[in-house]
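Asker: Take a look at this one; I'll ask things after.
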Amino acid sequence: MKQITKLLTVSALTFATTQSFAANVTVEIKNLTQGLYFTPIATVAHTSDSSLFEVGEMASSEIQEMAEGGSLAGLTTIATAINADMLAETAAGPLAPTAKVSGSFMTADSNTVLSIVAMILPSNDGFIGLDNWTIPTEAGTYTVYLNAYDAGTEANDEIIGGGAPGVPGMPAPPFLTLGTNGSGVTATETNTMIHIHPGNIGDDSATDGKSDVTNTVHRWLNPVAKVTVTVQ
């Protein structure tokens, strides 16, 4: 398993023998959805032998806390430990539908791939994800579209809850208009590995029904985000 959490002992790393280069990289992320919000986004340039997440594998505790509650604390600690280059404004507000955010950094010679994650709201443990995208060595502007992933760590009950890792229920920040008193879409998660998110189901009741999610606002199809990378 190539989880980035396995790389805490930096002295034990054996770096891949791919070409190394430093680059001035600008990353712009746009929310393509109708009614979803993204929590503060982690954009990480790191070595090719590590990963923030792996589709089909168990989520790390750091990915879980990001996907269930939007926290980047654990990922920031790990990125620092392995000398990754990271853009993360943890105090930033949510990225609203159609909005975009950008930032720039100079990557280290060995940090040749780019990964991006942020929680999707409303969801139980959904997140946008880019996994180990190779940063081009040639200057230019490049576009990548991101899917929504399910961390597999929590049942998609679509009910308002605490939002803490391991606690059932979705966060309900004030900028979201959600229903109440939902009975729950499901109480189980059959796929406990990271996988493509099945999307919100929702309903049209604001006071009961199965879901606290509005089916005409908070459903989605992939892709959910557009990433524009400029290499200089």
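The values are calculated or read from the model by the stated rules, or taken from the named source; none is laboratory data. Bear in mind that the values here come from a model prediction, so they are computed numbers and not experimental data. Every residue, glycine among them, receives a Cβ derived from its backbone with ideal geometry; neighbour counts consider all protein chains shown.
Asker: Can you tell me how many residues within the range 98-136 are of a type outside the set (A, V, I, L, M, F, W, C) and within 11 Å of the chain's Cα centre (by Cα)?
Answerer: 5
Asker: Just one of Ser51, Ser60, Ser102 is under 21 Å from Glu138 (Cα atoms) and not β-branched (Val, Ile, Thr); which is it?
Answerer: Being under 21 Å from Glu138 (Cα atoms) and not β-branched (Val, Ile, Thr) holds for just one of Ser51, Ser60, Ser102, which is Ser102.
Asker: Which residue pairs have Cβ atoms under 8 Å apart, sit 6 or more places apart or on different chains, and have a first residue in the range 187-202 that is in contact (Cβ under 8 Å) with a residue 40 or more places away in the chain and a second that is of a type in the set (Lys, Arg) and in a loop (DSSP other than H, G, I, E, B)?
Answerer: Gly199/Arg219; Asn200/Arg219; Ile201/Lys210; Ile201/Arg219; Gly202/Arg219
Asker: Among the residues of the range 116-170, count how many are within 23 Å of Ala96 (Cβ to Cβ), touching a Ser or Thr at 6+ places or on another chain (Cβ under 7 Å) and of a type in the set (Ser, Thr, Tyr).
Answerer: 1
Asker: Which one is surrounded by the fewest Cβ atoms within 10 Å (Cβ to Cβ) among residues in the range 83-142 that are of a type in the set (Phe, Trp, Tyr) and either at pLDDT 95 or above or not in a strand (DSSP E or B) (or both)?
Answerer: The qualifying residue surrounded by the fewest Cβ atoms within 10 Å (Cβ to Cβ) is Tyr142.
Asker: Here is a follow-up. Please go through (1) out of contact with any helix residue (DSSP H, G or I) (no Cβ under 8 Å at 6 or more places or on another chain); (2) farther than 24 Å from Glu57 by Cβ; (3) surrounded by 17 or more Cβ atoms within 10 Å (Cβ to Cβ) for Val224 and return the number of the only condition it doesn't satisfy.
Answerer: It is condition (2) that Val224 fails.
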